[in-house]
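The structure appears right after this line, and notes come after that.
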Amino acid sequence: MPVYDLRSAGLRDLNRQLHALRPDTNETHWTVQNPDGAHAIAAGLDAAVTVEIEGNVGYYCAGMNKLANVVIHGSAGTGVAENMMSGFVHVKGDVSQSAGATAHGGMLVVDGNAGARCGISMKGIDILVKGSIGHMSAFMAQAGTLTVLGDAGEALGDSLYEARLYVRGSVKSLGADCIEKEMRDEHREQLFAKLKAAGLAGEVDPGEFRRYGSARTLYHFHVDNAGAY
């Protein structure tokens with residue numbers, strides 16, 4: 001189990017070693033000590049390994065992740081798990097803006113709160129935030145799910161496409177073309193699956209959530225909707 005101290009060795013060398021891992025590697029569990037807010041830690045991984053980071057990280061931690069399980073024992077800066085393809089990213093603290101931005105797959109779990117634009121332009125990722133999220137979250141979200149146990153800020157789901165948004169708390173306001181939708185059995189089943197994947201099965205009742213999605217009025221330009229674009 002490799003242990004890497006960023007204070008005594010460089011970030012570039014850490015990422016180089018992680019990028020060089022082969023699919024059949026025996027070094028499947030890495031521990032990164034003293035991250036001290038460094039940017040792009042464990043970015044661009046492409047191996048089924050676990051990387052545990054003991055402390056706060058800066059921008060784009062676990063960005064472009066594929067297959068790996070990244071656990072951050074602290075908080076994360078802008079763009080954590082940005083453009084993730086697959087795998088699992090778990091932040092034990094809070095995250096700044098644009099968490100999970102443009103991500104295509106995998107799952108991001110945040111134990112704390114998320115800043116503005118959480119899930120912006122998400123394309124298939126499942127994001128679960130145990131706290132609250134900031135304004136303009138799920139802006140132009142195309143696919144995937146965003147589950148929020150707390151509250152949501154202004155303009156939730158502005159200009160979204162087919163992503164599904166589940167919020168247990170209050171929503172300050174909805175963005176353009178985002179509406180509340182009926183919570184059917186299929187949605188409760190999907191929500192339960194996401195809660196289970198985040199380790200919350202039996203702890204949170206899916207019946208406490210409301211669902212939000214696209215009204216589909218902005219899919220094609222119409223002059224009557226020009227003010228909403």
Q) Regarding Gln17, is this residue within 30 Å of Glu154 (Cα to Cα) and without any contact (Cβ under 8 Å) to a residue 60 or more places away in the chain? A) no
**Q.** Failed condition for Pro2, given (1) modelled with pLDDT of 95 or more; (2) farther than 21 Å from Gly144 by Cα; (3) open to solvent by less than 30 Å² (accessible area, probe 1.4 Å)
**A.** (1)
Q. Would you say Thr31 is assigned to a strand (DSSP E or B), among the hydroxyl-bearing types (Ser, Thr, Tyr) and open to solvent by 10 Å² or more (accessible area, probe 1.4 Å)?
A. yes
Q) Going by the structure shown, is Ser86 surrounded by 19 or more Cβ atoms within 10 Å (Cβ to Cβ) and either among the hydroxyl-bearing types (Ser, Thr, Tyr) or farther than 15 Å from Cys118 by Cα (or both)? A) no
Q. Out of all the residues in region 217-226, is one or more modelled with pLDDT under 95, in contact with a Cys (Cβ under 8 Å, 6 or more places away or on another chain), over 26 Å from Gly131 (Cβ atoms) and not polar (S, T, N, Q)?
A. no
Q: Among what's in region 34-52 and is among the acidic types (Asp, Glu) and farther than 12 Å from Leu67 by Cα, pick the residue that is least open to solvent (accessible area, probe 1.4 Å).
A: Glu52
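The values are calculated or read from the model by the stated rules, or taken from the named source; none is laboratory data. Not measured: the values here are computed from a predicted model. Note that we place each Cβ from the backbone using ideal geometry, even for glycine, and neighbour counts take in every protein chain shown. The area values use the complete protein model at the heavy-atom level, side chains included, leaving out ligands, DNA and RNA. Shrake-Rupley method; radii C 1.70, N 1.55, O 1.52, S 1.80 Å.
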